[in-house]
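The structure appears right after this line, and notes come after that.
All of the numbers you see were taken from the coordinates with simple rules; none came from a lab. Just so we're clear, the structure is a prediction, and the values are computed from it rather than from any experiment. Because the Cβ atoms are built from the backbone with ideal geometry, glycine has one as well, and the counts that use them run over all protein chains shown.
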Amino acid sequence: MTPAPACLKLATVIRTLLLALVFPLLWPTTAPADSWRVASVIDGDTLELADGRRVRLAGIEAAKPPRFAVPGERSWPLADAATAALVHLVQGRAVTPRGAVTTDRHGHLLAHLLRDDGLWLQTELLAQGHARVHTRPDARAFAAELLATEDGARRDRRGLWRTRVYAVRAADPETLARDRDSFQIVEGRVLRVTKTGGEAYLDFGEDWRSDVTVHIARGVMREFAKAGIDPLSYEGKTIRVRGWIGLRSGPMIEATHPEQIERVSVRAGSPEPPAAAPRVVRPSGATSSTSSTATTSTTPLPTAPPTDEEDDPE
């Protein structure tokens, strides 16, 4: 018996519907990630989406006015240039997050962003010299690529790298004391590494009570171990570390994740640093100026960043 035409049509419809439902499960799709429309730019590393959410560009810190600056009182050329660059790059454009998207303590999204043509916003701003790499424990993805891009801009003295304000600091305690409570990049040779109480201290000077130190807390030591890094390997090496300058005895940077510290290759033919004089060894358990063995400098220190915090070129 030949099936009726109506039955054939019904069978065809059912088969089509089944294929439509089952086929996507059998064949992976390449649907794009969420696309966001940029409504406006807040500053050099923050933008607002059409739906009202704000997004900070993860892994970088654009040039900004000093914290004490009064809005509208004067212009800050490097900060204005960074904002203008981001406006030019994304105003009215669609962007797509690359990698994980997190939320910062202000409720803003924290993400790496690709423009609708594939341009990676973070590396473009770094390449133009409008930003520095500023990774965080919750925003440390793609650190190697970001650092390499920043290094190229610094070598070519683009943008903010033409100024003394953003220059890489030497591990000098007097200079860094003036930079207290600011984010800086510091470079120097580690004279001694001390492990005590599950923590580590990287000392750049002869006396830990007054010289520059990088502190790696116990919980962070586990992150270094996961990355296959023993802090003892930094002893005698030249490193570049970025972070907020605090004062605990001498200037101190808290390392919160391994990506904060870079090993710096010494050029062939460069003279070796002079041998250190006998050092004041950090006693077991001495962690800060609150320790019973620590001494605090009585030299008056500024309560605000120095006047060269202005983003004017040399």
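Structure summary
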item: Neighbour-count ranking [beta-carbon atoms within 10 angstrom, fewest first] of SER182, SER249, SER233, SER210; result: SER233, SER182, SER210, SER249
item: Largest-first ellipsoid semi-axes for region 162-244, taking √(5λ) over the Cα gyration tensor eigenvalues, angstrom; result: 23, 14, 12
item: Gyration tensor verdict on region 59-124 (Cα atoms; rounded if a/c is under 1.5, prolate if a/b is larger than b/c, oblate otherwise); result: oblate
item: Three-way shape label, region 50-160, alpha-carbon gyration tensor, a/c 1.5; result: rounded
item: Cut-off under 5 Å, modelled amide H: who pairs with ASP207 long-range; result: VAL280
item: Which of ASP156, ASP43 has the fewest Cβ neighbours within 10 Å, and the rest in rising order; result: ASP156, ASP43
item: Which of ILE239, ILE245 has the fewest Cβ neighbours within 10 Å, and the rest in rising order; result: ILE239, ILE245
item: Cα gyration tensor, region 124-174 - rounded (a/c under 1.5), prolate or oblate; result: oblate
